[in-house]
Amino acid sequence: MAKDMKLAFLLDFYGGLLTEKQAAALDGYYNQDMSLSELAEDMGISRQGVMAFLRQGEKHLVEFEDKLGLAKRFSAISEGLREMRREVEALSSEAERQRLIGLIERISENI
């Protein structure tokens, strides 16, 4: 089973909307790099059961993102802030540059 690391990113946004078992399987597989066998033993189920939880959870994560688009918006905002920071760093006035960088950092911390 090939890992799509985009799903790990989606898990950060929507993991709380999954069932406990789906979230546990996905977290173990994507974030903790556990094998299917390790997950099966840890969860007390078969490897096939783990695969079912992974498939269901992955399907739900993609559906949530398709409907809500939070991860896409987060990425766009983050990229916009990085671009803004590059532009601000090019300013000649040190005081103005530091003030604007501080503002960008405060915004970045809250997204």
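Coordinate-derived values only; no laboratory data. Because the structure is a prediction, the values reported are computed rather than measured. In this analysis, Cβ positions are derived from the backbone assuming ideal geometry, glycine residues included, and neighbour counts consider all displayed protein chains.
One entry in [x] 45; [y] 16; [z] 34 is percent of Cα pairs over 23 Å apart calculated from the shown coordinates; its label is [x]. Only helices enter the 222 nm calculation for the chain: every DSSP H run of n ≥ 4 contributes -39,500 (n - 2.57), and dividing by all residues gives -24000 deg cm²/dmol, rounded to 500.
Among Glu65, Glu94, what is the fewest-to-most ranking by other Cβ atoms within 10 Å?
Details: Glu65 18, Glu94 8.
Lowest count first: Glu94, Glu65.
Note on the chain: with a GNM built from Cα contacts shorter than 10 Å, the maximum mean-square fluctuation among Arg86, Arg47, Arg55 falls on Arg86.
Under the criterion of Cα pairs below 8 Å and six or more residues apart, the relative contact order for the range 5-68 equals 40 percent. Counting every other Cβ atom within 10 Å of each residue's Cβ, Asp66, Asp12 order from fewest to most as Asp66, Asp12. Under 1.5 on a/c is rounded, so check that first for the range 5-68, then, if it is not, pick prolate when a/b is larger than b/c and oblate when it is not; a ≥ b ≥ c are the square roots of the alpha carbon gyration tensor eigenvalues. It is prolate, given that a/c is not under 1.5 and a/b is the larger ratio. Two tests apply to each whole DSSP H helix in the chain, Cα reach of 18 Å or more along its axis and mean Kyte-Doolittle hydropathy of at least 1.6, and none passes both.
Among rounded, prolate and oblate, which fits the range 68-111 when a ≥ b ≥ c are the square roots of the eigenvalues of its C-alpha gyration tensor, a/c under 1.5 means rounded, and a/b larger than b/c means prolate? Since a/c reaches 1.5 but b/c is at least a/b, the shape of the range 68-111 is classed as oblate.
With the simple spin-label model, which puts each label point 7 Å out from Cα in the Cβ direction, the Asp42 to Gln98 separation comes to 4.6 nm. When the chain is treated as a GNM with alpha-carbon contacts under 10 Å, the residue of Ala24, Ala90, Ala40 showing the greatest mean-square fluctuation is Ala90.
Measuring r between the beta carbons of Gln56 and Glu109 and using R0 = 22 Å, the FRET efficiency lands at 0.05.
Among Met34, Met84, Met51, which one shows the highest mean-square fluctuation when the chain is modelled as a Gaussian network with alpha-carbon springs under 10 Å? The residue that fluctuates most here is Met84. Extending 7 Å from Cα along the Cβ direction at Ala90 and again at Leu17 yields two label points whose distance is 3.8 nm.
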